[in-house]
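Structure first, then comments.
The values are calculated or read from the model by the stated rules, or taken from the named source; none is laboratory data. These figures come from a predicted structure and were not determined experimentally. Neighbour counts run over all protein chains shown; Cβ positions are idealised from the backbone, glycine included. What goes into the accessible areas is simple: the full protein's heavy atoms, side chains included, and nothing from ligands, DNA or RNA. Shrake-Rupley method; radii C 1.70, N 1.55, O 1.52, S 1.80 Å.
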Amino acid sequence: MAQTPDTRTLPNTAPWDQPFLPPELEWNGASRDLLADASNPWITDFERDPAHDFSPDYAETRAWFDRLDAASDLIRIQQFGTSPEGRPIYAVIASRDGATLDPAKPVLLAQAGIHPGEIDGKDAGMMLLRDIAFGSKGDLIDRANLVLIPILSVDGHERASAYSRPNQRGPRIQGWRNTGTNQNLNRDYLKLDQPETQALRTYINALKPDLYLDIHVTDGMDYQYDITFGFNGEFDAFARSPAIARWLDRTFKPAIDAGLEAQGHIPGPLVFGIDDQNPRAGLNDGGLGERFSNGWGDAAHVPTVLIENHSLKPYEQRVLGTYVFLETSLRLLADEVAPIRAAIAADSALRPAEILTNFESDPTPHQTRPFKGVLYETYESPASGRTEIRWLGRPDPELWRMPYYGSRASLRLRRPTAYWVPAYRTDLIERLRITGLSMETLDAPRTVQVEMLRLIDPTIATRANEGHLQMSVKEVQTERRDWTWAPGSVRVPTDQPLGDIAVLMLEPQSQESFFAWGLFAEVTSRVEYIEGYAIAPLAEAMMAADLALKSEFEAKLAADPAFAANGDARLAWFYQRTPFYDDRYRLYPVGRED
């Protein structure tokens, strides 16, 4: 027998209604019919709120799902992790398959709350799961399964207030962008620092979703679109998974656009303006890095769509648009299971000899795109002392023509046969395992001829990013060595579906690598030194014994006056050419196997 959810009154605790935000654009979409009637025993807190501007906290959300799970055989809750503050991280599964999902059915994974202030997907998912269990949408899971992560960053979700996101219209109480340890999980898809993303990756590897939706809310300019979405490889851009990108572009995107438009929404591509002070200046792709869900999904051959609902649209409009997006995706996936799985298989078989990476904005527009803008004016602000934008809350009847700037790779990395990671880096070996990479672990020492990299003038950032001092190196020298790898070391072959990710994580020049995130800082520390009273006579003896070395030194003096004037630099030059010098200084400890 169904249990009746709590029907308490929800107080409006917001101290203000953010009157500084631009006016709302008028909207009255057909998707309002999805809202439950007040008499429905499974009405959600969002729907029960008169303004549809409320989202329940973690405990209230979990209690509602627990009741739904207890009342319906179609719904079950699955915990897959624990947050740093001890909260369970869980998914809610809608399926007719019982405890084990039928692998013949496609799986839609919808994730909300990686940024907890952007929680639209949670409330939309609650409505949809209710309608699957007790409403008219039960047929959605006849040929597909839905897995909803209602809140990924559960600790950030509970750092909630009316002051979390000043650029966003609702809900009136919002969670915090970062986790309880002040980390942005949407920068952690490749380095896997945080327990939340480590748990998520392990869960995704086990679940093997056919489609992954990562639901966010934008910042930035005003425009008519309420639901925007995109993926790597869109607009003829580079993709590590080109077959998946074609399916998303030619099949998924038109179906979603049609579904949203039929319900009164205005879908559009992701919007990243290049100039806050000039809305018509153009758009870019927002970056293609694998630290983000869409970049990681492209590299991992998991069809991944980034949803960015428009922050200036009312919460009700955004939640209802997300509901339509989820329902349309689930229906499409049931019809398209064979084509999307064929695309996944085709991309998983790719083994490019070169890995393009370190994408940067292309200074030349890739194309010109139509854009549904909003009227605005400019004024001189006494606060900023400059010209500011004032959005007027009315659609511009003129269709804007916007230059669109894509990204281009600034680095090409050679794909080796395998990488060797030393046993003492158990932390990074564990991250490689969590990633899903296949690897061989040594149970006895093994000597292997490998290519090692000597880092030339690596630099360290002066400020922290995501808890790390990032590093970079533009030039490396290769050294071939016979290296003995201790028991516990791992060999990571690149002839596997996630081989591109191995390259991106383990090549120090990659901006997404462990090295780039400062996780190999120890190689920049030089061990041992030599006093001037010792190296000076040794250097003099070296020149006397080696006329070629003497000539090389004199040429250096002539070509570099600053070097010639620096006694310490001159002696260091000789020291580096002695067997006393630290042979492993700036030697990257991961080996390449050809």
At each listed q (0.21, 0.22 Å⁻¹), what is the log10 of I(q)/I(0) that the Debye formula gives for the stretch 522-568 modelled as equal alpha-carbon point scatterers?
-> -0.90, -0.93
Based on the alpha-carbon gyration tensor of the stretch 244-303, what equivalent-ellipsoid semi-axes (square roots of 5 times the eigenvalues) come out, in whole Å, largest first?
-> 23, 21, 8
Each label sits 7 Å from Cα toward the beta-carbon; between E26 and E380 the label points are separated, in nm, by 3.5 nm
What angle, in degrees between 0 and 90 and rounded to the nearest 10, separates the Cα long axis of helix 426-435 from the longest principal axis of the Cα atoms of the chain?
-> 40 degrees
Let me have the relative contact order for the stretch 114-214, percent, based on Cα pairs under 8 Å that are six or more residues apart.
-> 28 percent
Relative contact order of the stretch 183-257 (C-alpha contacts under 8 Å, at least 6 apart) in percent is 13 percent
For V217, distant residues with modelled amide H under 5 Å away | N309
Projected-area average for the chain over all orientations - Cα convex hull basis, square nanometres = 32.6 nm²
Could you pull the Cα extents of the stretch 445-594 along its three principal axes, largest to smallest, in whole Å?
-> 56, 39, 26
Mean projected area, convex hull of alpha-carbon positions in the stretch 73-115, reported to one decimal in nm², is 3.8 nm²
Using every pair of alpha-carbon atoms in the stretch 220-271, split the distances into 5 Å bins beginning at 0 and state the percent of pairs per bin, rounded to integers.
-> 4, 20, 27, 20, 16, 10, 2
Kirkwood-Stokes translational diffusion coefficient of the stretch 40-103, alpha-carbon pairs, 25 °C, 0.890 mPa s, µm²/s = 182 µm²/s
If you plug each phi of the stretch 69-82 into the Karplus form 6.51 cos²θ - 1.76 cosθ + 1.60 with θ = phi - 60°, what whole-Hz ³J(HN,Hα) values come out, in order, with x for Gly and Pro?
-> 4, 5, 8, 10, 6, 8, 10, 8, 9, 10, 7, 10, x, 9
Sites R76 and A162, calculated FRET efficiency, Cβ-Cβ separation with R0 51 Å, nearest 0.05 | 0.90
Using a cut-off of 14 Å between alpha-carbon atoms, which aspartates and glutamates can reach K137, once sequence neighbours fewer than 8 places away in the same chain are excluded?
-> D33, E327
In whole Hz, with x marking every Gly and Pro, tabulate ³J(HN,Hα) for the stretch 316-333 from phi via Karplus 6.51 cos²θ - 1.76 cosθ + 1.60, θ = phi - 60°.
-> 4, 4, 5, 5, 5, x, 5, 4, 4, 4, 5, 4, 5, 4, 5, 5, 5, 4
Percent of alpha-carbon pairs separated by more than 21 Å within the stretch 90-204 = 44 percent
Residues meeting the amide H criterion for F229 (H placed from the backbone, H to H distance under 5 Å, 5 or more places apart or on another chain) are G268, L270, E308
Work from the charge dipole of the stretch 162-203 (Cβ charges, +1 for Lys and Arg, -1 for Asp and Glu, about the Cα centre) and give the residue of Q168, L192, T181 farthest towards its positive end.
-> Q168
So for R0 = 45 Å, FRET eff. of A534-E85 from the Cβ-Cβ r, to 0.05, ends up at 0.25
Filtered hits (aspartates and glutamates, Cα-Cα < 17 Å from K191, offset >= 8 within chain) -> E290, D298, D427, E430, E466, D500, E507, E512
Taking only protein heavy atoms and a 1.4 Å probe, the highest-to-lowest accessible-area order of Y376, Y315 is Y376, Y315
Relative contact order (%) - the chain, alpha-carbon pairs under 8 angstrom, separation at least six = 13 percent
In nm, spacing of pseudo-spin labels at T100 and Q277 (7 Å Cα→C-beta vector) = 6.3 nm
List the lysines whose Cα lies under 21 Å from the Cα of K372, skipping any in the same chain that are fewer than 8 positions away.
-> K253, K313
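Report the charge-dipole magnitude of the stretch 164-318 in Debye, nearest 20, computed about the Cα centre from +1 at each Lys and Arg Cβ and -1 at each Asp and Glu Cβ.
Dipole magnitude for the stretch 164-318 comes out near 320 debye.
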Using unit Cβ charges (K, R positive; D, E negative) and no other charged atoms, how large, in debye to the nearest 20, is the dipole of the chain about its Cα centre?
-> 680 debye
Phi angles of the stretch 490-501, converted by Karplus (6.51 cos²θ - 1.76 cosθ + 1.60, θ = phi - 60°) into ³J(HN,Hα) in whole Hz with x for Gly and Pro, give 10, 9, 10, x, 9, 7, 7, x, 9, x, 4, 5
Which residues qualify? For Q174, with a placed amide H closer than 5 Å and at least 5 residues away or on another chain, they are S161, A162, Y163, S164
